[in-house]
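What follows is a short report on a single structure.
Derivation of every value follows stated rules applied to the coordinates shown; laboratory data play no part. It should be emphasised that the depicted structure is a prediction, and the values quoted were computed from it without experimental measurement. Using ideal geometry, Cβ is built from the backbone for each residue, glycine included, and neighbour counts are taken over all protein chains shown.
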Amino acid sequence: MGTKGNYKAELVGAFGYPIAENPTGIMQEAAFQALGINWRYLLIEVQPRYLKDAIQGVRAFQMRGINLTIPHKVEVLKYLDQVSEDARLIGAVNTVRRVEDQLIGENTDGKGFIRSLQEDARISPQGKNALIIGAGGAARAIAVELALAGAKHVIILNRSKERGEPLAALINEKTSAQAEFIHWQSTFSIPSSIDILINATSIGLYPNVNEKPNIDFNSIRASMLVCDVIPNPPQTAFLDEAKKRKATTLDGLGMLVYQGAIALKMWTGLEAPIAVMRQALEKAFGY
Ligand code: NDP
């Protein structure tokens, strides 16, 4: 008699609606293979009215964790046992990890951005002046994590006051950074004091690849780090304008890879194979 095998895979995945075009599984599965572990990442379509049941399913199936994507990132909060401090400030959870029967909510989006800043651009947020265009989910995550990581001043430039003002107020009240909201109504000139400029809107996302935020591109200086959250295509028209002004640029593919890498580490305890994950995404996107 040979040794009995363990044929049971550990399960993680993503709940979303729609979910079919979510690329996270491609990079997570590539990482599991590279690490030689028997884990599976499942894309699971969950309609909003079934979210509570689906979360119970994480416990019932003893899944190791789950990612949440549109439209579940905020709604899921009420079904969790614990929520990390940063996810609570952001007001959204994109990653759940299960510890025995406890479900713990985390947010790795902003953390992924910070890791990309540190490891791809080799820049620390400490003491920096940042300008974030946008005030949606991605912008909130980035603004909170930049502030918690020691950024000095954060400007939120957003089209709607309804989302921009509360975000700046949150940073001022809950972190040591100073924040300011600017209502974005016409072509905006970037102040020369800005160290890090980030497009955290969906402007430029496929298929609208020629769209750019309405800013005066000549106000971009070579000393600035200019970042985009859009992962597909990673080389956006916005980053092209920044490159023309000799600024250093950082694409949104890095943020996507690192948010996944941080989730993988939370679930498995293992260091993620970053290069493998990035290559898998580039291949899936056709770059
Ligand atoms: P939301 O819908 O929550 O927010 C969208 C933001 O973009 C809002 O601030 C909105 O302004 C602004 N916006 C959209 N269109 C326009 C426009 N035409 N003119 C001015 N402002 C506009 O989206 P998310 O924050 O979830 O996602 C934003 C982007 O971030 C997406 O492209 C997504 O792919 C990307 N993303 C990337 C991640 C990564 O890992 N790289 C992770 C998460 C998201 P208003 O408030 O006025 O409506």
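So here's what we get for this one:
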quantity	calculated
Simple label model, 7 Å out from Cα along Cβ direction - residue 52 to residue 209, nm	4.4 nm
Cα-centred dipole magnitude for the stretch 125-264, charges only on beta-carbon of K, R (+1) and D, E (-1), debye, nearest 20	200 debye
Förster radius 22 Å - calculated FRET efficiency between residue 45 and residue 74 (Cβ-Cβ, nearest 0.05)	0.75
Segment residue 82-residue 118, extension gain: residue separation times 0.36 nm, minus the distance between their alpha carbons	10.1 nm
Members of 111/212; 73/246; 52/152; 52/212 lying beyond 28 Å, as alpha-carbon distances in this model show	73/246; 52/152; 52/212
Cut-off under 5 Å, modelled amide H: who pairs with residue 249 long-range	226
Cα-centred dipole magnitude for the stretch 205-252, charges only on beta-carbon of K, R (+1) and D, E (-1), debye, nearest 20	240 debye
Residue-span extension gain [residue 17 to residue 101] - 0.36 nm each, minus C-alpha spacing	27.7 nm
FRET efficiency estimate (nearest 0.05) - Cβ-Cβ, residue 34 to residue 169, R0 41 angstrom	0.40
Distance cut-off 36 Å, percentage of C-alpha pairs in the chain lying past it	16 percent
Candidates 111, 244, 73, ranked by Gaussian network fluctuation over the chain, Cα under 10 Å, top entry	244
Principal axis dimensions, largest first and in whole angstrom, of the stretch 118-245 by Cα	37, 33, 25
Nearest-20 debye value, the chain charge dipole, Cβ charges on Lys, Arg, Asp, Glu	200 debye
Net length gained if the chain between residue 160 and residue 219 were fully extended (0.36 nm per residue, minus Cα distance)	19.0 nm
Within the stretch 102-129: backbone nitrogen closer than 17 Å to the residue 10 label point (7 Å, Cα to C-beta)	102-104
Cα-based Rg of the stretch 242-287 normalised by 2.2 N^0.38 Å, two decimals	1.41
